[in-house]
Each structure stands twice: as structure tokens, then as C-alpha cells.
1. May I ask for the angle, rounded to the nearest 10°, between helix 322-338 and the longest principal axis of the chain, with both axes built from Cα atoms and the value confined to 0 to 90°?
2. State the Cα centre-to-centre distance between region 255-299 and region 196-233 in whole Å.
3. What nm value, rounded to one decimal, do you get for the distance between residue 161 and residue 148 when each label is placed 7 Å out toward the C-beta?
4. To one decimal place, what Kirkwood hydrodynamic radius in Å is obtained for region 194-338 from all pairs of distinct Cα atoms?
5. Sort 265, 306, 287 so that the residue with the fewest other Cβ atoms within 10 Å of its own Cβ comes first and the one with the most comes last.
6. For the chain, with a Gaussian network of springs between Cα atoms less than 10 Å apart, report the residue from 251, 323, 82 with the top mean-square fluctuation.
7. Suppose we look only past 19 Å in the calculated P(r) of region 130-237. What percent of the Cα-Cα pairs does that tail hold?
8. Quick one: divide the alpha-carbon radius of gyration of region 232-280 by 2.2 N^0.38 Å and tell me what you get.
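Bear in mind these aren't lab numbers, they're just calculated from the coordinates by the rules spelled out. All figures in this text were calculated on a predicted structure; none of them were measured in a lab. Ideal geometry is used to build each Cβ from the backbone, glycine not excepted, and the neighbour counts take in all protein chains shown.
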Amino acid sequence: MRFLLDPETRDFARSLDGMLGAAGTEGAVRAWAAGDHGPGRALWARLSDSGVFGLAVPERYQGLGPLPVELTVAFEVLGRHAVPGPVVETVAAAALLGRHAEASGADPVGGGLLAEIASGKRSASLQLAAQGPYALDADAADAVLVVEGDTLRIAAGWGPVQPSADPARRLAAPQVGTVLAQGPEVTAAAAHAADVAALMTAAQALGVGRKLLAGTVEHVKQRAQFGVQVGSFQAVKHRLADTLLGLEFAAPLVHAAALALAGCSPDAGREVAAAKVAAGEAAYRASRTALQLHGALGYTDELGLSLWIRKARPLRDAWGTPAACRARVLSAAGTEATA
């Protein structure tokens, strides 16, 4: 399959990339890691003005979507610029509430929150019991949704912030709160939200990997050993080429998964799992390449690229570990073979 973005989507990505490039995201990431959410919230306001969060919200709730392909393109750019905060979780919460409203046919649960997500007035985090006990940036989100079994709640608070390999990923366990909805519609909507979260995380990882590769290539062009550029060494060239191949092979899987979600394909879950494992592993490989080819410099906090290096591993494991994603792909393949 040949996948080409339409001109409008490419223009949107370039516009978003230019805006974030001029926004000083590195400083916002460092501030977020220190518990100062001000610069990050200012960055989120600019993202909202660009329509990023509206892409996840149905039109009936003042959004533009849901548009998985455009969201995927946007989240790759967000990963390239290391945008902090629960961006994935906010979009996944919108997917959960939107799908539940569509399935229930009753007065929509969280319709007001959906409209506020689309406008950028509120952010959200999401914790699904099947995915683990923590919600990302619960202390910074305006609302924390929790799904356990067939019950959807809005958290009343959260526990202590837990450490993470990425200091800008702040984890906390939500506390039990008010029940918003119950029933099979919640279970189905949560499964859809998990797929959206996994796909957006894969797109983020792809952007992180591309940033790491670009920064490493630039570094080995400038660094010299034995009087020659490090980048001229054959072993270095092979390492960079392998990293590039991993990212290039992951990209079409991410795009294909977005198309499957957009078309409500029955194979969408398997496509998302394949994209998640490919993009996550490629980004992690890029982080190891960056760390090794930067030498001792790669271990320092002063190196700006270290912010991306520390994101790769958590993104690889968030919303579906490689083992879980591979098991899902193999399980779906086995079901088809049996049929």
C-alpha cells in the first residue's frame, strides 16, 4: 500500500512544526519535570489554537473529528518537540467519551468536558485498570477519568507522584471518585480509547526517534577522533543506517493503523499493536544509538537531546508493552488461521 498525506495535512504538520520550533519546548519540558506547569500550559494553549485537540472530539461537541490520521501526524510532531503533559491521555479521554456517547444514545456523559477539551479549556488524564494503576500527570490535568471493568468514574484526587525514567512523565494513582457511567458501552469505549492512546503514543515515539536520529547525525558530523569526523567511520554509518531503517519501517505501520481506526476496520486493534511495537522499538533503538554515539556527553543532563533520550523507553512501554503488543498481533493472526 502506498500512503501519501494530502497537501492540507502536510501543511498542517509544517505549521505545527514551525510553531513548536519557535515555542521553546525544551524549557517547558524542564519546567514540567520540576513541577512548574506554567510554560507547558502556555504551550498547550497554542496547540489548542492550532486545532490539535479538536481533532479528537466529534463535531457535535464542537470538535473537528474524530480524525485519527490527522491526529497521528500531529502527534509525531509533538514527539519531535517533546511536548510535555498528558497530551495522549487527553485525546484518549476524548475518544472514550465520544465513543460512549455514540454507543449509549442517551444524554452524553462528559459532553461538557468534550467541548472544553476541543477548545483547550481543560486537559484530561485517563487510567484504565487493564493498563496499570497510574494516570499520567494527574496533578496537572483538569480532570482524571478512571475505568475499572464496566464502570467509568471521575477521580476525586490522586496519590503521591511516582518517579519515572522520564522526569517529565509524572505518574500518580487516582483515588476513587464519582461514577459517571456503567455498562457494556463503557467497556467498549475504553477498549477504543486504549487503541487511540496506543496509536498516539506510537506516533509520539516515531517523532522522538526522528529527533534523536537527526541530532545524532548532526553530532557525528562535528565530532572528530584521530583527526577525522566520527561520522565517517563505517561502524557509525551502519549504526545510523539501522536506526533509520527501523524508523522508516515503523512509519507506514503507524499510518496504516490510523487509516484502520478511521475506517472502523475490524483489524484496527491488530494494526495499532503492530504500529506500537514497531515505533516503540525503533525509538528506543534511536535513543541507544544517540546515547552511545554522543559518548559521555549523552549521560549529561545539560545535553538537550537527553530530554528525548529519556522519553524513548517510557513511550515504548506506555499503553502497551512490546510483549503485550506482539501477543495481540499473534493472537489475532492465530484466530484468522483457525477460521
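1. Between the helix axis and the principal axis of the chain, the angle is about 60 degrees.
2. Using only Cα atoms, the two centres lie 15 Å from each other.
3. 2.5 nm
4. On the way: mean 1/r = 0.0629 Å⁻¹.
It works out to 15.9 Å.
5. Details: 265 14, 306 18, 287 28.
The most exposed by this proxy come first: 265, 306, 287.
6. Highest fluctuation of the listed residues: 323.
7. Numbers: 3590 of 5778 pairs.
Across region 130-237, Cα pairs with separations above 19 Å total 62 percent.
8. Values: Rg = 14.4 Å, N = 49, 2.2 N^0.38 = 9.7 Å.
For region 232-280, the normalised Cα radius of gyration is 1.49.
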